[in-house]
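I have placed the structure first, in the form of C-alpha cells, so that the comments after it can refer back to it.
The values are calculated or read from the model by the stated rules, or taken from the named source; none is laboratory data. It should be emphasised that the depicted structure is a prediction, and the values quoted were computed from it without experimental measurement. Note that each Cβ is placed from the backbone with ideal geometry, even for glycine, and that neighbours are counted across all protein chains shown. Surface areas here come from the heavy atoms of the whole protein model, side chains and all, with no ligands, DNA or RNA. Shrake-Rupley method; radii C 1.70, N 1.55, O 1.52, S 1.80 Å.
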Amino acid sequence: MRDYEEVTAFLGEWGPFQRLIFFLLSASIIPNGFNGMSVVFLAGTPEHHCRVPDTANLSSAWRNHSIPLVLQDDREVPHSCRRYRLATIANFSSLGLEPGRDVDLEQLEQESCLDGWEFSQDVYLSTIVTEWNLVCEDDWKTPLTASLFFVGVLLGSFVSGQLSDRFGRKNILFATMAVQTGFSFVQIFSINWEMFTVLFVIVGMGQISNYVVAFILGTEILGKSVRIIFSTLGVCTFFAVGYMVLPLFAYFIRDWRMLLLALTVPGVLCVPLWWFIPESPRWLISQRRFKEAEAIIQRAAKMNNIVAPAVIFDPAELQELNSSKQQKVYILDLFRTWNIAIITIMSLFLWMLTSVGYFGLSLNVPNLHGDPYLNCFLSALIEVPAYITAWLLLRTLPRRYIIAGVLFWGGGVLLLIQVVPADYYYVSIGLVMLGKFGVTSAFSMLYVFTAELYPTLVRNMAVGITSMASRVGSIIAPYFVYLGAYNKVLPYIVMGSLTILIGIVTLFFPESFGATLPETLEQMQKVKGFRCWKRSRNSIQREENPKVLITAF
C-alpha cells in the first residue's frame, strides 16, 4: 500500500501549481486580518464630556466652567461623566456670580450627563461608541463588543472542522468567506448596539472558519516541505498584511459605517478565487471520489509541465486509507495520568495567557499616546519579523527555551513601561511594540510545540483543546484593556506579569526539539523541570522534516 504523498510525489514540491495554491490561499487570509482587529476603530472611544444644551441660561464664564476638572495622567482634563448641576449654576449665572471667585466650584453639587455627551472628532468622526453613547454607565459594552466577537470565533472553531469534513474544504472555505463578508455588510445597517453585536458574533464565526479551512486545505494540498512554511510564514504573514491594511483604511475613512463598507470590498474580490483553488484531493479520496481527485492532480501535473501516470489513484491500492480504523480517543485521555494531566494543564495556561497578551496589546493600540492609526500600523508591522524570527528559531533551537525566552522578553519590556516618564511617550510605544514582538513570536510557536509533545493518537485533539483555551484568552483580553480606564500603565503591568509567569511555567515542559515524535501516551516525555531532554543525532535529523500535520482550530 502506498500513501497519498508517495502517489503524488511526481508533482514535485514547489512547482507553479504549488506556488499558485500557496499564494491564493494565503491571500484569502488577508480579510481576516482587518476583520479580526476592526473593532479597534469601529469601537474607538474619543474624548468626551457632558453636553450642556444651548438652551441653558448660562453666561460664557459659567458655560466654560460647567464641567468639573479631574486629574488624569498628571494633567487636569474635563470630567467625562459628570457636570455641575445645571439648575444650580444657572441660578448663580442669573445672579451675576463668577465661578471660582464668588463660588467655590469644589463645593458644587454634580450630576450625570442628562443631556448626552459631546464627543471630540479629532480622531474619529463616528464610531459605535459615539453612535449609541457607549460611555460612562454603558462603557462596559465596549469591551463586551470585542469579547462577543471572540465568542463567535470560539463557536466557529467548534464547527469549522466538522463542516469541512462533511461538505468539503473548498465549499466551506467560500461559504465562510461569504458569511464573513455578507454579515459585515449587514452590520452597516445596524440600528442599535444589540443588533451590531449579534451580527459581530456571526462575523467572528465566519472569520475563524475561513482561516481554519484555508489552513487545512493548504496543508492537505501542499507537500510536507512547503507545509510548515505555509502554516507559519504564509498564513501568519498574510494575516499581518491584512492587519496593516486596517489602519490605512481607517485613516482615510473615519465614519464607522463607511469604514465597515470599505472592509467588505476585499471579501467580494475573493470570489474569482473559486475558479483557481481546487478541492482537497485528500478529502475527495476519503469520500471515495477518486476520479475527481485524479482530475485535480492531472491539471496540477499539466501546470507543472509534468507527464502524469495514466492511473494515479488506484482504489484497491488506496483502500487502506478508507477502511483502516483508528483507536477511539476521548478528551479525558489528555488527563489519563498525572504526567499527561500536568502537561495538558500547563499547555492550556500557556495558550490562554499568551493569547491574552497578544490580543490585549493589539486591542489597546488606541489607548497609546500619539497617532492611533500609526500605532496600529506599527503593531501589525512588528508581527512580520516576529513570525520570521519564530520560524528561524524553531529550526535550530530547543522549543521550551526559545518560547520562554521570547515570553520573558515580551513581559519584561512591558513591565518597563511604568518607569518611563510621561513626556517620553515614544519610548513607551517602542516598548509596547517590542513586547508585541515577543508575545507574537511565542504565539506562533505554540502549534508546533504542542503537536510535538503529544502522541499521534491525541495530537489533533491536544492542539484543538489548547487552541480553544487561546480563544478563551481572546475573550477576556478586552477586559485587560479596560483596566486602562483606571490607570494607563495598569494593563501593561498585569499583562507583563502574566507573560513572565507563563514564561517560567514553560521551562517546566519536557523538551521536544530533536526527540522522536511519540506514537502512544506511554511514550510521552516526563515533566523534568529544568533538565533538558537528551537528543540523538538521528532524532535531530528527523526534526529537520517532522511528519506532523496540524489541524488548526
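Calculate, for the chain, the solvent-accessible area per residue in square angstrom, rolling a 1.4 angstrom probe over the heavy atoms of the protein chains.
Using a 1.4 Å probe on heavy atoms only, each residue of the chain averages 45 Å².
Farthest toward the dipole's positive end in region 1-86, which of Ile29, Phe41, Leu86, given Cβ charges of +1 (Lys, Arg) and -1 (Asp, Glu) about the Cα centre?
Leu86
So, R0 is 35 Å and r is the distance between the beta-carbons of Tyr479 and Lys526; what FRET efficiency does that work out to, to 0.05?
0.45
Can you give me the angle between helix 16-27 and the longest principal axis of the chain, using Cα atoms only, in degrees from 0 to 90, rounded to the nearest 10?
Helix 16-27 sits at roughly 20 degrees to that axis.
For Ser209, what accessible area in Å² do you get when you roll a 1.4 Å probe over the heavy atoms of the protein chains, rounding to the nearest 10?
10
Could you tell me the accessible area of His65 in Å² (1.4 Å probe, neighbours in place), rounded to the nearest ten?
80
Through the Karplus equation 6.51 cos²θ - 1.76 cosθ + 1.60, θ set to phi - 60°, convert the phi angles of region 331-347 into ³J(HN,Hα) values in whole Hz; use x for Gly and Pro.
For region 331-347, the Karplus curve yields 4, 5, 5, 6, 10, 5, 10, 4, 5, 5, 5, 4, 4, 5, 5, 5, 5 Hz.
Here are some pairs, Lys170/Lys436; Lys141/Lys170; Lys436/Lys488; Lys224/Lys436; Lys436/Lys526; which of them have Cα atoms lying more than 26 Å apart in this structure?
In this structure, Lys170/Lys436; Lys141/Lys170; Lys224/Lys436; Lys436/Lys526 lie more than 26 Å apart at Cα.
Let me have the relative contact order for the chain, percent, based on Cα pairs under 8 Å that are six or more residues apart.
Rounded, it is 18 percent for the chain.
Quick one: order Tyr482, Tyr454 from most to least accessible surface, probe 1.4 Å.
Working: Tyr482 65, Tyr454 0 Å².
I get Tyr482, Tyr454, largest accessible area first.
At 222 nm, what value in deg cm²/dmol follows for the chain if DSSP H runs of at least 4 each add -39500 (n - 2.57) and the sum is divided by all its residues, to the nearest 500?
My calculation for the chain gives -19000 deg cm²/dmol from helical runs alone.
Calculate the spin-label point distance for Glu111 paired with Arg289, positioning each point 7 Å from the Cα along the beta-carbon direction, and give it in nanometres.
My value for the distance between the label points is 6.8 nm.
Could you state the number of Å between the C-alpha centres of region 122-144 and region 390-435?
31
Using the alpha-carbon atoms, what tilt in degrees (0 to 90, nearest 10) does helix 383-396 show relative to the longest principal axis of the chain?
40
May I ask you to derive the FRET efficiency for Arg336 and Leu125 from their Cβ-Cβ distance with R0 = 60 Å, giving the value to the nearest 0.05?
Here the calculated transfer efficiency is 0.60.
Work out, in µm²/s and without decimals, the Stokes-Einstein translational diffusion coefficient of the chain at 10 °C, 1.306 mPa s, Rh from Kirkwood over C-alpha pairs.
It comes out at roughly 62 µm²/s.
How much length is gained if the chain between Lys224 and Met195 is pulled fully straight, taking 0.36 nm per residue apart and subtracting their Cα-Cα distance, in nm to one decimal?
Extending this stretch completely gives an extra 6.0 nm.
Search the structure for amide H atoms under 5 Å from the amide H of Val70, placed 1.01 Å from N in the peptide plane, and list their residues when 5 or more places away or on another chain.
Answer set, sorted by chain and number: Val77, His79.
Say each of Tyr401 and Leu374 gets a label point 7 Å from the Cα, pointing the same way as Cα to Cβ; how far apart are those two points in nm?
4.0
Could you sort Trp275, Trp117 by their accessible area in this structure, using a 1.4 Å probe and putting the largest first?
Output order, biggest surface exposure first: Trp275, Trp117.
Only Lys, Arg, Asp and Glu count, each charged at its Cβ (+1, +1, -1, -1), so figure out the dipole size of region 356-470 about its Cα centre, rounded to 20 debye. Numbers along the way, then the final one.
On the way: 5 positive and 4 negative charges, 90 e Å.
For this selection, approximately 440 debye.
State the extension gain, in nm to one decimal, for the chain segment bounded by Ala61 and Leu269, taking 0.36 nm per residue of separation less the distance between their alpha-carbons.
Difference between extended and current length: 69.3 nm.
Along region 267-283, what does the Karplus equation 6.51 cos²θ - 1.76 cosθ + 1.60 (θ = phi - 60°) give for ³J(HN,Hα), rounded to whole Hz, x for Gly and Pro?
For region 267-283, the Karplus curve yields x, 5, 5, 7, 4, x, 5, 4, 7, 10, 8, x, 6, 6, x, 4, 5 Hz.
Hey, what do the phi angles of region 401-412 turn into as Karplus ³J(HN,Hα) couplings, whole Hz, using 6.51/-1.76/1.60 and θ = phi - 60°, x for Gly and Pro?
Per residue, the Karplus-derived 3J(HN,Hα) values read 6, 6, 5, 4, x, 6, 5, 4, 4, x, x, x Hz.
At a 1.4 Å probe radius, which order do Leu361, Leu154 fall into by accessible area, largest first?
Leu154, Leu361
What percentage of the solvent-accessible surface of the chain, computed with a 1.4 Å probe over protein heavy atoms, is contributed by carbon and sulfur atoms?
Working: 15430 of 24960 Å².
Carbon and sulfur: 62 percent of the exposed surface of the chain.
Give me the angle, in degrees from 0 to 90, between the Cα long axis of helix 459-482 and the longest principal axis of the Cα atoms of the chain, rounded to the nearest 10.
Taking the Cα atoms of the chain, the angle to 459-482 is about 10 degrees.
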